[in-house]
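Data first, discussion second: the structure below is written as structure tokens.
Just so you know, all these numbers are worked out from the coordinates, no wet-lab data involved. What you see is a predicted model, and the numbers here were worked out from it, not measured in a lab. Every residue, glycine among them, receives a Cβ derived from its backbone with ideal geometry; neighbour counts consider all protein chains shown.
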There are 2 protein chains.
Amino acid sequence: MELHKESDISCSSAAEHYLIELMNEIKIFSPATVANVSCGFDVMGFCLDNVGDEMVIRKIDKKGIYITKVENFDLPFETELNVAGVSALAMYEAIDVDFGFEIEIYKNIKPGSGIGSSAASAVGSVFGMNELIGRPFNKTQLTEFAMKGEALASKCEHADNLAPALFGGFTLVKSIAPLKILQIPSPEDLYATIIHPQIEVKTSESRAILPNEVPLNKAITQWANLGSLIHALHTSDYDLIQDSLNDVVVEPYRSQLIPLFNEVKDVSLKAGALGAGISGSGPSIFTLSKGLEQANKVKEAMQSVYETSEIDFDIHVSKINTQGVKIIG
Amino acid sequence: MELHKESDISCSSAAEHYLIELMNEIKIFSPATVANVSCGFDVMGFCLDNVGDEMVIRKIDKKGIYITKVENFDLPFETELNVAGVSALAMYEAIDVDFGFEIEIYKNIKPGSGIGSSAASAVGSVFGMNELIGRPFNKTQLTEFAMKGEALASKCEHADNLAPALFGGFTLVKSIAPLKILQIPSPEDLYATIIHPQIEVKTSESRAILPNEVPLNKAITQWANLGSLIHALHTSDYDLIQDSLNDVVVEPYRSQLIPLFNEVKDVSLKAGALGAGISGSGPSIFTLSKGLEQANKVKEAMQSVYETSEIDFDIHVSKINTQGVKIIG
């Protein structure tokens, strides 16, 4: 892998570099993300602001990558079995250093929730390590390392959660090989409401339920909607965002795996959401709204559905996070 | 249909309106267009600048729509059998006037060439009539009338040539019912080269060759490319335009109907074209280039292929026409 491309070096001035040289430890916030975004199956994603993991990355004298703490959830400490460890190893193999790294994970995103839990872990370790060694890698390169971690969790290399976690805002993964990530503008006043019903949807099951082929006319509708969504995000056209957030290809299948999905979608739209869909492969359901007040109104509507059921849930309201993963200490 | 919407009235000031009242005859240029644009099958299109029909539309005392002249090509004079006549009739039925219209068609776009010949006819009559009666209809409404004419030619109502002919530039037909057309920005320095090999490809054949279903992974690639193309047009990113102009769904089938398609594509890309694909349902092949000089270089390459064959051809180089159909006298 090519290091120190011109564009990367410019990211860190000499002074900044000096500070980073002194830093041996960094605390970062690695955000939750919503992949697919209705019409953008497998390619689109966006980044949440106040939902995410915290991680501490520490330079140590001993060579290697070590997971030294995992809080809140029961995740493996063995580097090769831990998503954050695997992505860190991928990056570690690409650098030639005589020191190692410790990783502490303060996990807040529930694994299996469908809001990019593994992506947050995979991104956090490589972002933090990159900061500690003077940012030799750009964000696309970091995504490539993180894909190795993501593959451990989901059995295939994809980047639709990784890209928004690293770049922030809305992203379109144009292609995987070569990896090409586009940053799509995010309208100022856009908020997401995400509900996570506490049920298990196995990724294998949510993949298996998809057909191998789709009717051409439905595919056309889908790409018309995605093209329209990209245009709407560029022009901050909320009405058009609303009109574009339709998934005629995947949602009809996967929604069957999420109890009360149609009811949640229905009440969300009635409450004024611009759109509602499955977050990633579920079971979380996301909505987008114009303005915080509206997003909170939609939150009330969404939770009212699961409140009358026996299904527990978490619910979040978040501005679109246009920064992505960031240093917090 | 609702007339005189606020946005329409603002188009014609009182003075302009007075002038239009005095006008009984108008000469217009109705441009050729390229539909599909590789990754945007059935939804995208763009407008050419110097290739198109001229039409004269004249108010007459006698009620009704009359085709009084057709030059260059043998097209029907019966209003109900003429594309321009059918779209004119659709509009005529929506207005209540005690006069009629004569239509003269100076056809320069060869029917069946795949660069929107019928769309130019369908658009020209309704655009001209609308001008003569003070623009009661907006361009989306004109597209709806023109779709009736287009349906006569292609047996189904679609708007992927009509929209760019009316609006100019790049358009995305987001949906047909309701009709929703998006105007996508066009980079300043973008030129098209179009070659029309003089062979017949029947629309019915080019439709029949398409599969009813497409593999999901190919559909994903297609919508990633279309989303990327929309982003590239918004950001005037020529490299990304180049990277997005791929059609993995339709071109592999339809290109079989166009002799030497692969050769033309190959030499165009080698000569520096950003992309090459089938224009509409063919047989014309379009390329896009950055700059006029490059577009001319690509022209040389494209025509060299058919020059060594026994197939006659027309070839055009055109800037993207951001205005669309226009008054020329």
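With a/c under 1.5 counting as rounded, go ahead and sort segment B:190-319 into rounded, prolate or oblate using the C-alpha gyration tensor (a ≥ b ≥ c being the square roots of the eigenvalues; past the cut-off, prolate if a/b is larger than b/c, else oblate). It comes out oblate by the Cα gyration axes.
Across the copies of the chain, B:S204 has label points (7 Å from Cα along Cα→Cβ) spaced 5.1 nm apart, shortest distance listed first.
With its label point defined 7 Å out from Cα along the Cα-to-Cβ axis, A:S309 lies at 5.8 nm from the matching points of the other copies, in increasing order. For a straight C-alpha distance cut-off of 17 angstrom, the lysines reachable from B:K265 (same-chain residues fewer than eight places away being disregarded) are B:K290, B:K297, B:K299. Of the residues A:P215, A:P111, A:P187, the one that moves most in a GNM of chain A with alpha-carbon contacts below 10 Å is A:P215.
Debye-formula intensities of the protein assembly as shown, expressed as log10 I(q)/I(0) at q = 0.07, 0.08 Å⁻¹, are -0.53, -0.67 (one equal scatterer per alpha-carbon, no solvent). Using the alpha carbons alone, the radius of gyration of segment A:6-184 stands to its Kirkwood radius in an Rg to Rh ratio of 0.95.
Quick one: if the Förster radius is 51 Å, what FRET efficiency do A:S236 and B:E263 give, using the C-beta to C-beta distance and rounding to 0.05? Computed FRET efficiency for A:S236 and B:E263: 0.70. Annotation: for a label point projected 7 angstrom from Cα along Cα→Cβ of A:N72, no residues of segment A:122-165 have a backbone N closer than 13 Å. Note on B:E300/A:T308: beta-carbon distance plugged into 1/(1 + (r/R0)^6) with R0 of 56 Å gives a FRET efficiency of 0.20.
Label-to-label distances for A:E71 across copies, nearest first, come out at 8.3 nm, using points 7 Å from Cα in the beta-carbon direction. Compactness of segment B:161-226 was expressed as the Cα radius of gyration divided by 2.2 N^0.38 Å, which yields 1.44.
Where a ≥ b ≥ c are the square roots of the eigenvalues of the C-alpha gyration tensor, would you call chain B rounded, which needs a/c under 1.5, or, failing that, prolate if a/b is larger than b/c, or oblate?
Here chain B falls in the prolate category.
Counting only residues at least eight positions apart within a chain, or on another chain, the lysines with an alpha carbon under 22 Å from that of A:K107 are A:K27, A:K59, A:K69, A:K148, A:K155, A:K202, A:K319, A:K326. Each label was represented as a point 7 Å from its Cα along the Cα-to-Cβ direction; for B:Q256 and A:A177 these points are 2.7 nm apart. Would any residue of segment A:287-301 have its amide N under 13 Å from a label point 7 Å out along Cα→Cβ of A:K270? List them or say none. Of the residues in segment A:287-301, A:301 have backbone N under 13 Å from the label point off A:K270. Axis of helix B:261-270 versus longest Cα principal axis of chain B: the two differ by about 80°, to the nearest ten degrees. Per-residue mean of foreign Cβ neighbours for B:175-187 is 3 (Cβ atoms of other chains, 10 Å radius).
Would you please give the FRET efficiency between B:T140 and A:I327, computed as 1/(1 + (r/R0)^6) with r the Cβ-Cβ distance and R0 = 30 Å, to the nearest 0.05? Calculated transfer efficiency: 0.05.
Residue separation times 0.36 nm, minus the C-alpha to C-alpha distance between A:D189 and A:N50: what's the value?
48.5 nm
3J(HN,Hα) along segment A:196-201, derived from phi through the Karplus expression 6.51 cos²θ - 1.76 cosθ + 1.60 where θ = phi - 60°, amounts to 10, x, 7, 10, 9, 10 Hz, with x in place of Gly and Pro.
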